[in-house]
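Some notes on the structure that comes next.
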Amino acid sequence: MSPVKVFGHPMSTNVARVLLCLEEVGAEYELVPVDFLAGEHSSPQHVQLNPFGKIPAFQDGELVLFESRAIAKYILRKYRTDDLDLLRESRGIEESAMVDVWTEVEAQQYYPAMSPVVFECIIYPVMRGAATNQIVVDESLDRLRGVLGVYEARLEKSRYLAGDSVSFADLNHFPFTFYFMATPYASLFDEFPKVKAWWEGLMARPAVQRVCKNMPTEF
Amino acid sequence: MAQTAVKVYGWAVSPFVARALLCLEEAGVDYELVPMSREAGDHLRPDFLARNPFAQVPVLQDGDLTLFESRAIARHVLRKHKPELLVGDGSPEAAALVDVWLEVEAHQHHPPTGAIMVQCILTPLLGGVRDQAVVDENVAKLKKVLAVYEARLSASRYLAGESLTLADLSHFPMMRYFMETEYAALVEELPHVKAWWEELNARPAARKVTEHAVNAAKLWALEKAEQQ
């Protein structure tokens with residue numbers, strides 16, 4: 001079986017999402033670099049793999065996929081064992097539904113509240129030399145505080161977001177939260193002890209540690 | 001197996017509620033739509049927050065299971081009642097392609113389509129003035145996105161392959177509103193996207209969901225008129 005291929009850059013949050021899943025299941029993979037700073041994601045070659053010209057793209061034999069969450073699910077299914085079912089698809093309808101709910105929550109509630117802070121404090125200054133828009137940051141922090149309040153209540157009742165053990169729903173939070181912790185606003189998590197403990201638990205996972213190695217913390 | 005009641009909480013004019021209803025209709029599941037009023041703040045009441053702490057519609061109650069996030073609800077309904085719409089022939093490749101185009105809907109199609117819909121339909125309805133700069137920016141984005149759809153639908157009958165799946169259906173609710181704006185031309189000028197849209201819109205389940213939304217909108221307009 002030849003290793004699967006991921007096309008992208010390990011610094012990219014969406015690439016990191018895929019790499020984390022590969023590391024969690026212990027799959028053999030090859031990371032093919034795409035120099036997005038040089039615009040390589042828009043090259044005809046890359047667009048053949050991802051018609052939206054984004055990273056990551058993914059290849060397993062003849063199969064080409066894009067969209068990091070779709071790629072991640074494919075990987076988690078392919079390498080699923082009785083002991084390792086991060087999507088819970090073999091555990092019954094209710095459990096897989098909860099994974100879906102909290103996966104959507106990451107994409108539709110958590111990410112929109114958190115990502116502007118990461119964009120304003122890190123991504124725009126680094127990539128465009130732009131100044132931080134503090135109004136956007138402050139509005140986002142307010143919104144994020146509300147979201148984290150919901151997470152705190154959830155994690156008081158449930159060890160992980162979708163149930164008693166870690167799932168894809170939890171792992172999806174890693175990439176952007178990692179960068180959020182490199183902004184001046186990391187201490188927001190101190191206001192939410194359950195959330196903070198949950199995050200620290202994720203960071204302690206060996207697979208997360210391996211993926212972190214290729215993600216900068218200083219900019 | 002005992003038939004447990006399925007309830008959907010929300011307002012039928014919401015494209016997110018429509019997504020849930022569409023899947024229930026496609027799967028032929030009996031359900032009750034429990035109407036809520038956004039204006040009355042029903043979504044902010046403690047009993048609703050106990051169902052969805054993010055205070056958004058829809059919520060699906062399926063026996064003991066309470067779900068929120070319309071895309072998660074959609075997956076659950078089809079996984080339970082019509083899995084071929086979620087996983088195709090069940091092969092890893094088929095399921096993956098459905099997931100790909102579901103993510104494309106959420107992350108490439110929805111943002112510009114939703115923004116245009118908010119500016120052109122929702123904002124004026126709520127007494128505001130559209131921000132044309134926002135519209136123009138999103139029209140430019142959507143053009144690029146739809147070009148990819150045109151290429152895809154020229155090579156494949158439906159987004160995830162030769163059969164209709166949730167990947168196609170998930171586009172219906174937002175597109176139904178988008179096609180009421182003057183920017184419908186963006187779809188109409190692309191023959192494969194246009195044909196795909198028309199087929200979606202003609203499905204009985206889609207007609208039913210639109211009927212719910214149109215009736216709810218009429219009722220809302222009547223109530224507004226009576227208040228004046």
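FYI, it's all coordinate maths here, none of it is from the lab. Because the structure is a prediction, the values reported are computed rather than measured. FYI the Cβ positions are ideal-geometry reconstructions off the backbone, even for glycines, and counts take in every protein chain you see.
Observations, loosely collected:
- Any hit, the range A:210-218, residues being farther than 20 Å from A:V18 by Cβ and of a type outside the set (K, R): yes
- Count - residues of the range A:101-128 that are more than 30 Å from B:R51 (Cα to Cα) and not acidic (D, E): 10
- Members of the range B:36-54 that are under 23 Å from B:L219 (Cα atoms) and surrounded by 15 or more Cβ atoms within 10 Å (Cβ to Cβ): B:M36, B:D42, B:H43, B:F48
- Criterion: in a helix (DSSP H, G or I), more than 9 Å from chain A (Cβ to nearest Cβ) and either surrounded by 15 or more Cβ atoms within 10 Å (Cβ to Cβ) or of a type in the set (F, W, Y) (or both) - qualifying residue of B:P112, B:P124: B:P112
- The range A:78-108, residues that are within 19 Å of B:H107 (Cα to Cα), surrounded by 19 or more Cβ atoms within 10 Å (Cβ to Cβ), at the interface with chain B (Cβ under 8 Å from one of its Cβ atoms) and of a type in the set (A, V, I, L, M, F, W, C): A:V101, A:V105
- When the range B:8-48 is limited to residues that are among the aromatic types (F, W, Y) and part of a helix (DSSP H, G or I), the one that is farthest from B:R75 (Cα to Cα) turns out to be B:F48.
- Counting only helices (runs of 4 or more DSSP H) that sit wholly inside the range B:129-209, those with at least 1 residues that are without any contact (Cβ under 8 Å) to a residue 24 or more places away in the chain and closer than 22 Å to B:P15 by Cα are B:132-155, B:185-188, B:191-202.
- Residue match in the range A:153-172 (condition: free of Cβ contacts under 8 Å to residues at least 12 places away in the same chain and among the aliphatic types (A, V, I, L, M)): yes
- Among the residues of this structure, A:L37 does not count as one that is of a type outside the set (G, A, S) and surrounded by 15 or more Cβ atoms within 10 Å (Cβ to Cβ).
- Every residue from the range A:66-90 that is out of contact with any helix residue (DSSP H, G or I) (no Cβ under 6 Å at 6 or more places or on another chain) and polar (S, T, N, Q): A:T81, A:S90
- Within the range B:155-163, none of the residues are over 18 Å from B:A20 (Cα atoms) and within 9 Å of another protein chain (Cβ to nearest Cβ).
- Residue match in the range A:128-143 (condition: buried (at least 19 other Cβ atoms within 10 Å of the Cβ) and within 14 Å of another protein chain (Cβ to nearest Cβ)): no
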